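Q: Let me give you the structure first, and then I'll get to my questions.
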Amino acid sequence: MWAVGFEKHGDPGVLKVMELPDPRPGPREVIIRVLATSLNRIDTIVRRGYPGIPVKLPHVPGADIVGYIESVGPDTDLGEFRVGDLVLVSNVWGCGSCRFCRVGMEDHCQSWTMPGFHVWGGYGELVRVPVRALVRAPKEMTINELAVLPLAYGVSWKALRVANVGSGDWVLVLGGSGGVGTALTILAKALGARVIAVTTRPSLLKSLGADVVVGYDREELMNAVNENTEGGVDVAIDSIGDTLPMALDAIRPGGTVVTFGVLGRSSTLQIDIRKFYLRHTRLIGIHNAAKSYLREAIEFMVSRGVKPFISRVATVKEAPSLHELMESRGVVGKVVMIHEWD
């Protein structure tokens, strides 16, 4: 198969088009012919080398996968699916047998696997995945729209649901212009919430429905929080890491802070725990989203006519330049990469 991958870790220049062996499905596995993927920050982190998690080289990144079921492994029951079906792939699957996997909480599994991270992902023509990771693609969405859903919209929906965001709530979104930030804004507004978005691109977030848009200056943020809310935001969602203290400053007594991701310089922060316990703050850490959350997000978006924000459609061969753009913070929303190899 053709794929864009790397044979050594490094800058975007290590990415190249490669001809690799076709993956073969094992028991309870299928091969997906990938139609499109999307650009995610994790792709660039894995390319440079994720501390503590080695990948077998050569490696094919790509956490998002949409395509057709092409073939089936031995002793595999497809259940509701058939060869030729258009499907999405959940971007996390577990061992399939532990206490968490048995109840549909595979994102809690200690042996979790992520495509494009632990195994080959969506930058290749073909990808091998377990049947339990498949999600039926709705007919109401285009291939490009489907390609951006698994990671950004799945984890954003999970963040909003674990925080019980509802109509009228004030939600603070830190990192508003990225793939996750735009997804959080779009989904929160569709739930009837009011959004304060922290971003360097105010016009974009306003166009997506954000009620208040501010920059990363703490004083500016707190002024906006004090002017618009009664004692702080109900929910603050931080997908950057470095900005977690801002989330704790902005939350109301009894509010909820959801945190995931480390996009800053360090995974270590100093936090005054009095700001946490004296305000009865709920602090929830998450990573990725179980398949149930992705299914819920899709059903919600289809039922409400909600569309994801896609800023650019490119080909997977353009991955090196797109990685450069992301690392220079030039990417807004989601970028789709379609598979064109000719």
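Q: Of all residues being among the polar types (S, T, N, Q) and in contact (Cβ under 8 Å) with a residue 12 or more places away in the chain in region 135-185, which is surrounded by the fewest Cβ atoms within 10 Å (Cβ to Cβ)? Just the residue, please.
A: Quick first cut of region 135-185, residues among the polar types (S, T, N, Q) only: 142, 144, 156, 164, 167, 177, 182, 185.
Next cut, in contact (Cβ under 8 Å) with a residue 12 or more places away in the chain only: 144, 156, 164, 167, 177, 182, 185.
Details: Asn144: 18, Ser156: 28, Asn164: 11, Ser167: 8, Ser177: 24, Thr182: 31, Thr185: 29.
In this case the residue turns out to be Ser167.
Q: Scan region 19-43 for residues that are assigned to a loop (DSSP other than H, G, I, E, B) and touching a residue at least 24 places away in the same chain (Cβ under 8 Å) and jot them down.
A: First pass over region 19-43, keeping only residues assigned to a loop (DSSP other than H, G, I, E, B): 20-28, 39-40.
The answer is Leu20, Asp22, Pro23, Arg24, Pro25, Gly26, Pro27, Arg28, Leu39, Asn40.
Q: OK, next. Can you tell me how many residues within region 236-254 are within 19 Å of Arg274 (Cα to Cα), in contact with a helix residue (DSSP H, G or I) (Cβ under 8 Å, 6 or more places away or on another chain) and modelled with pLDDT of 95 or more?
A: Number of matching residues: 2.
Q: Exactly one condition in (1) under 25 Å from Met337 (Cα atoms); (2) surrounded by fewer than 18 Cβ atoms within 10 Å (Cβ to Cβ); (3) touching a helix residue (DSSP H, G or I) at 6+ places or on another chain (Cβ under 9 Å); (4) at pLDDT below 95 is false for Asn91; which is it?
A: (2)
Q: Separate question: For region 20-54, name all the residues that are at negative phi, exposed (fewer than 14 other Cβ atoms within 10 Å of the Cβ) and over 20 Å from the mean Cα position of the chain (by Cα). Full working, then the answer.
A: So in region 20-54, the residues at negative phi come out as 20-27, 29-48, 50-51, 53-54.
This time we only want the ones that are exposed (fewer than 14 other Cβ atoms within 10 Å of the Cβ), so: 21-22, 24, 26-27, 51, 53-54.
Answer for region 20-54, where residues must be at negative phi, exposed (fewer than 14 other Cβ atoms within 10 Å of the Cβ) and over 20 Å from the mean Cα position of the chain (by Cα): Pro21, Asp22, Arg24, Gly26, Pro27, Pro54.
Q: Let me ask something else. Answer yes if at least one residue in region 76-83 is outside any strand (DSSP E or B) and within 23 Å of the chain's Cα centre (by Cα), and no otherwise. Full working, then the answer.
A: Quick first cut of region 76-83, residues outside any strand (DSSP E or B) only: 76-83.
In the following step, the residues that additionally are within 23 Å of the chain's Cα centre (by Cα) were identified as none.
No: region 76-83 contains no residue that is outside any strand (DSSP E or B) and within 23 Å of the chain's Cα centre (by Cα).
Q: Is there a residue being more than 30 Å from Val332 (Cβ to Cβ) and of a type outside the set (Lys, Arg) anywhere in region 42-51? Walk me through how you get there before you give the answer.
A: Step one: filter region 42-51 for residues more than 30 Å from Val332 (Cβ to Cβ), giving none.
Within region 42-51, not a single residue is more than 30 Å from Val332 (Cβ to Cβ) and of a type outside the set (Lys, Arg).
Q: Hey, another quick one. Go through region 241-342 and tell me which strands (runs of 3 or more DSSP E), entirely inside it, have 3 or more residues that are under 29 Å from Glu145 (Cα atoms). Please lay out each step first, then the result.
A: Working: elements: 251-259, 282-285, 310-315, 334-338.
Per the criteria, 251-259, 310-315, 334-338.
The values are calculated or read from the model by the stated rules, or taken from the named source; none is laboratory data. These numbers were taken from a predicted model, which means no experiment stands behind them. Don't worry about glycine lacking a Cβ; one is built from the backbone with ideal geometry, like all the others, and counts go over all protein chains shown.
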